[in-house]
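Peer 1: Quick one: this structure, given as structure tokens, is what I'll be asking you about.
Just so it is clear, none of the values below were taken in a lab; they were calculated from the coordinates. Computed from a predicted model, the values in this text were never measured in an experiment. All Cβ positions, even for glycine, are placed from backbone atoms using ideal geometry, and neighbour counts span all protein chains on display.
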Amino acid sequence: MAFAKIHTDLPGPKSVKILEKQGSVARAFGTFVPSIVDYAKGARVWDLDGNVFLDMAGGVGCLNVGHSHPKVVQTIQREAERFTHTDFTVIPYESYIELADRLCRMMPGEERKRAAFFNSGTEAVENAIKIARKATGKRGIICFEGAFHGRTMLSLSLTSKVKPYKEKMGPFFNDIYRIPYPNPYRWMGTNDPEEVSEQAIEALLNLFITQIPPSEVAALIIEPIQGEAGFITPPASYLKALQKICNETGIIFIADEVQTGYGRTGEFLGSHYFGIEPDIITLGKSIAGGLPLSAVIGRKSIMDTAGDGAVGGTFVGNPISCAAGLAVLDIYEEEKLGEKAQQIGNQIFEKVRAMKDKSTLIGDIRGAGAMLAFELVRDHDTLEPADTETSEIIQKCLRKGVILFKAGLYNNVIRFLVPLVISEKELEEALDIIEESVMEVTENFYSNRLSMAGV
């Protein structure tokens, strides 16, 4: 049975009629799939023309429980009939309190936790930094090369990709200090994970000598696995070493789990996967099954330093989103999505590893659980990014009914953010289409090389 079915040009005629009005939409919101969605279920999306796509992007990681999960839909419908908004600081509601309680109990570490809810990942990051500065009375923030923490101004200042995010957007916030993220595949001088980890830690210690003493640093913020940078996965020992330094120097250790959270790595959090206990954790994306919601969860002694009115916003912790968040936690537990992520990851890894044996464009395969990616390069010695070839593969997959998303500082990484409810057969078909597309682009790449060489 074929799940992906493309029977019109893209866009099809019904989508074209809607897309003709797109001139009223700001150019900043350019779209990837040239179709108008009609409805979506699980890991499949139907457009207005009846084309069916297998979704490997999952709303950029927001749909770990899949599109329109019945339990989430029923919850939204039920709660919308009761009330849609009060502002929690005016009239509190049960869904906020219950979601905070459940999430706090799921966080690593023994100290009691507190939670605050916001609308988006970038808001969560901004408020985590505000709380850290309030708690410590210090100014400095340490972040990483390749980081992505959002696109509002403080989060954008922490983000580390110029195009398309930062070009001509400055000036940015000061008192932000950036160090290398340990990427064994592209580390200068060595690919040994332990050596990379040690050298990356040395870079942090050198920062304390050359730029800012730890006594003036409020927080260090890190993605356990870098998302937009291309699922860069640090050596196993690195995050624990980082946490130890933060604990010894009084620096608040913040884990940005907006993309790694909710089972993506095979554990509920990336922090669980790496065995670390951050002082503050930010959550977002899949937290409410596609509804806008994010969270800052931290040690009580830190979170309580932000008194009444220090953080917040009119729509933060919307009651319907919080209720959906409770439904997501139920689904995660009932459907064992952490275990499912491990199974998905194994299936993807085995397929991509077999592809790597046939296509020399594939340079690296990395990640954890279902949070996997592969990097494409034109040369395995120079690691020249195969950015054009990456785009060609993604476009070929799209025309065959598979939605893929790229990543990486050089736009040469294909990442999987597949809904964790995808069936084995659906994933098998998607991976077959990806393999077919990779091999077609690989053959064209070598044909062009031979032609240029005059062979």
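Peer 1: Order of Asp330, Asp49, Asp364 from fewest to most other C-beta atoms within 10 Å?
Peer 2: Asp330, Asp49, Asp364
Peer 1: Go through the range 72-170 and name the trypsin sites (Lys or Arg not before Pro) that are in a DSSP coil and have 11 or fewer other Cβ atoms within 10 Å of their Cβ.
Peer 2: Those satisfying the criteria are Lys168.
Peer 1: Moving on. Residue farthest toward the positive end of the dipole of the chain, with Cβ of Lys/Arg at +1 and Asp/Glu at -1: which of Ser15, Gly298, Leu269?
Peer 2: Going by the charge dipole, the pick is Ser15.
Peer 1: Report which label in (1) 22.2, 75; (2) 32.7, 103; (3) 24.3, 80 holds the value of Rg and Dmax of the Cα atoms in Å derived from the coordinates of this structure.
Peer 2: (1)
Peer 1: Moving to a separate point now. Highest mean first, how do 352-363, 312-323 rank when packing is the count of other Cβ atoms within 10 Å averaged over residues?
Peer 2: 312-323, 352-363
Peer 1: I've got another one for you. Which of Lys134/Lys161; Lys244/Lys356; Lys244/Lys285; Lys5/Lys285; Lys5/Lys351; Lys340/Lys396 have a Cα-Cα distance over 30 Å?
Peer 2: Violating the 30 Å limit, Cα to Cα: Lys244/Lys356.
Peer 1: For the range 3-15, take each phi angle, set θ = phi - 60°, evaluate the Karplus expression 6.51 cos²θ - 1.76 cosθ + 1.60, and give the result in whole Hz per residue in order, putting x for glycine and proline.
Peer 2: Each residue of the range 3-15 in turn: 8, 7, 9, 10, 10, 10, 4, 10, x, x, x, 5, 5 Hz.
Peer 1: To continue, here is another question. For the residues Thr233, Thr305, Thr31, what sequence is obtained by ranking on other C-beta atoms within 10 Å, fewest first?
Peer 2: Final ranking by Cβ density, sparse to dense: Thr31, Thr305, Thr233.
Peer 1: Convert 10 °C to kelvin, take the viscosity as 1.306 mPa s, use the Kirkwood radius over C-alpha pairs of the range 71-334 as Rh, and evaluate the Stokes-Einstein diffusion coefficient in µm²/s, rounded to a whole number.
Peer 2: My calculation gives 84 µm²/s for D.
Peer 1: Oh, and also: If you line up the Cα atoms of the range 1-43 on their principal axes, what length do they span on each, largest first, in Å?
Peer 2: Dimensions of the range 1-43 along the principal axes of its Cα atoms: 40, 22, 15 Å.
Peer 1: Of the peptides 62-70, 120-128, 391-399, how do they stack up when ordered by the mean number of other Cβ atoms within 10 Å, highest first?
Peer 2: Those peptides, ordered most packed to least, come out 120-128, 62-70, 391-399.
Peer 1: May I pose another question? Which loop chymotrypsin sites (Phe, Trp or Tyr not before Pro) in the range 71-133, with loop taken from DSSP, have no more than 13 other Cβ atoms within 10 angstrom of their Cβ?
Peer 2: When the chymotrypsin sites (Phe, Trp or Tyr not before Pro) of the range 71-133 are filtered for loop state and at most 13 Cβ neighbours within 10 Å, Phe83 remain.
Peer 1: Can you sort Ile225, Ile76 so the residue with the fewest Cβ neighbours within 10 Å comes first?
Peer 2: Going from sparsest to densest Cβ surroundings: Ile76, Ile225.
Peer 1: Further, regarding this structure: How many percent of DSSP beta bridges within the range 186-319 run antiparallel, rounded to 5?
Peer 2: Approximately 40 percent, going by the DSSP bridge assignments.
Peer 1: Looking at the calculated P(r) for the range 253-362, what percent of the C-alpha pair distances fall above 22 Å?
Peer 2: More than 22 Å apart: 47 percent of the Cα pairs in the range 253-362.
Peer 1: From the phi angles alone, apply the Karplus equation (6.51, -1.76, 1.60; θ = phi - 60°) to the range 310-317 and give each ³J(HN,Hα) in whole Hz, x where the residue is Gly or Pro.
Peer 2: Taking θ as phi minus 60°, the curve returns 5, 10, x, x, 4, 9, 5, x Hz for the range 310-317.
Peer 1: Report the charge-dipole magnitude of the range 204-291 in Debye, nearest 20, computed about the Cα centre from +1 at each Lys and Arg Cβ and -1 at each Asp and Glu Cβ.
Peer 2: 160
Peer 1: Explain nothing, just the number: dipole magnitude of the chain about its Cα centre with +1 on each Lys and Arg Cβ and -1 on each Asp and Glu Cβ, in debye rounded to the nearest 20.
Peer 2: 980
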